[in-house]
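Some notes on the structure that comes next.
Here, each number is a calculation from the coordinates, and none is a lab measurement. Quick caveat: nothing in here was measured; it's all calculated off a predicted structure. Methodologically, a virtual Cβ is constructed for each residue, glycine included, from the backbone with ideal geometry; neighbour enumeration extends over all protein chains shown.
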Amino acid sequence: MPDNPYVPIPVRVQNVRVESDDRTLRTYDLVFADDAEPFEYLPGQFCQLSILGKGEAAFGIASSPTEREFLRFTVNRVGTVTTALHYLKEGEELGLRGPLGNHYPVEKFKGQNVVLVGGGFAFTTLRSLAAYLLANRSDYGDITVIYGARRPGLLLYRDELTEWEKRGDVAVHLTIDEPAAGWDKAVGFVPTVTGKVRPSPKDAWAVVCGPPVMIKYTMPVLLDLGFAPDRIYTSLERRMKCGVGKCGRCNIGPKYVCTDGPVFSYAELASLPEGV
């Protein structure tokens, strides 16, 4: 993190692409402006993106630390800041604060199997984690990806998912909520599909990211499969506001999501006043 976490770093839009068929999701590859110094980060961390006169908002980093040419963020157009971000064009500059928060425990995962369970727009930091694991493939055991969305056009990073499906060293299970023309993969909600896939808890860790209702119903499935609460991780990045533990908007009991998280184990969450 820079010496002053309140001062945005100037970054420039290198590439923009539309991710979803309804055009509400766009992915931005950012590069540091000429006088800005790149930083180190790990999967699961987030940044604050800002536009002068519009404000700032928190976004999980979707790129992997192994992808040093850019920082990737996917933006869902839901408000003033995200709408302003959607109007950015290649070459334009914006502000960035980060990296902020903690990260997925990739060191603990070494030599172990890893199961990634994602839903919808929240697949961003799981994409970061998956890309990191695959770039360091020999350090990890079996990798299983279970990812779903309401319909095919809302799945993020579709070209990359296709590439992963072709690999022989990662198991990819994609699903949509209801049948759709041309879709020949699984149909059903992510918790149900997770139960059907039945990833083994032996020497394994699970990471779950998605809408709150998806997380709520996926956690019991993993517990029933035998995953211990301290071997299941999730991210509460949706709760963050200032990013540095000052505004008090993201506290859950004694924890501040932006500084103590956003990554928490299920065992940690079970001990807090609010659950997932």
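So who's got an amide H within less than 5 Å of the one on Ile252, skipping anything under 5 residues away but keeping other chains? H placed 1.01 Å off N, in plane.
Val257
Using a Förster distance of 35 Å, how high is the FRET efficiency between Leu272 and Arg150, based on the Cβ-Cβ distance and rounded to 0.05?
For R0 = 35 Å, the calculated efficiency reads 0.75.
Using a Förster distance of 51 angstrom, determine the FRET efficiency expected from the C-beta separation of Asp224 and Glu90, and round it to 0.05.
According to the calculation, E is roughly 0.60.
Amide H of Arg151 versus every other amide H placed in the peptide plane: which residues, excluding those fewer than 5 positions away on the same chain, fall under 5 Å?
HN-HN under 5 Å from Arg151: Asp177.
Tyr6 versus Asp142, label points 7 Å from Cα toward the beta carbon: distance in nm?
Roughly 5.1 nm, to one decimal.
Between the alpha-carbon centers of region 29-89 and region 169-214, tell me the distance in whole angstrom.
28
Please list, ordered by chain and number, the residues whose modelled amide H lies under 5 Å from the amide H of Gln14; skip anything fewer than 5 residues away on the same chain.
Here Asp29, Leu30, Val31, Gly91 satisfy the definition.
Where does region 172-238 land on Rg/Rh, using Cα atoms and the Kirkwood Rh?
0.99
How long are the semi-axes of the ellipsoid equivalent to region 106-235, from square roots of 5 times the Cα gyration tensor eigenvalues, in whole Å, largest first?
22, 18, 13
Normalised by the empirical 2.2 N^0.38 Å for globular proteins, what value does the Cα Rg of region 9-100 take?
Against the compact-globule rule of thumb, the ratio is 0.99.
Using Cα positions and a limit of under 22 Å, work out the lysines in reach of Lys110, with same-chain residues fewer than 8 apart set aside.
Lys202
Rounded to whole Hz and in sequence order, give me ³J(HN,Hα) for region 57-72 from the Karplus expression 6.51 cos²θ - 1.76 cosθ + 1.60, θ = phi - 60°, writing x for Gly and Pro.
Whole-Hz 3J(HN,Hα) from phi for region 57-72: 8, 8, 9, x, 6, 8, 7, 9, x, 6, 9, 7, 7, 7, 10, 10.
Residue by residue, what Karplus-based ³J(HN,Hα) values in Hz, rounded to whole numbers, does region 209-215 have, using 6.51, -1.76 and 1.60 with θ = phi - 60° and x for Gly and Pro?
9, x, x, x, 5, 5, 4
Work out from phi, with θ = phi - 60° and the Karplus expression 6.51 cos²θ - 1.76 cosθ + 1.60, the ³J(HN,Hα) of each residue of region 79-90, listed in order in whole Hz, and give x for Gly and Pro.
x, 4, 5, 5, 5, 4, 4, 5, 8, 5, 10, 4
Sort the following peptides by mean Cβ neighbour count (other Cβ atoms within 10 Å, averaged over residues), highest first: 174-184, 52-62.
Ranked from most to least packed, the peptides come out as 52-62, 174-184.
Please give the calculated 222 nm ellipticity per residue for the chain, where each DSSP H segment of at least 4 residues contributes -39500 (n - 2.57) and the sum is spread over every residue; nearest 500 deg cm²/dmol?
Computed mean residue ellipticity for the chain: -6000 deg cm²/dmol.
If you take the square roots of the eigenvalues of the alpha-carbon gyration tensor of region 52-154 and sort them as a ≥ b ≥ c, do you get rounded (a/c under 1.5), prolate (a/b over b/c) or oblate?
Here region 52-154 falls in the prolate category.
Just the isolated ones, please: cysteines in the chain lacking another cysteine beta carbon under 4.7 angstrom.
Cys47, Cys209, Cys250, Cys258
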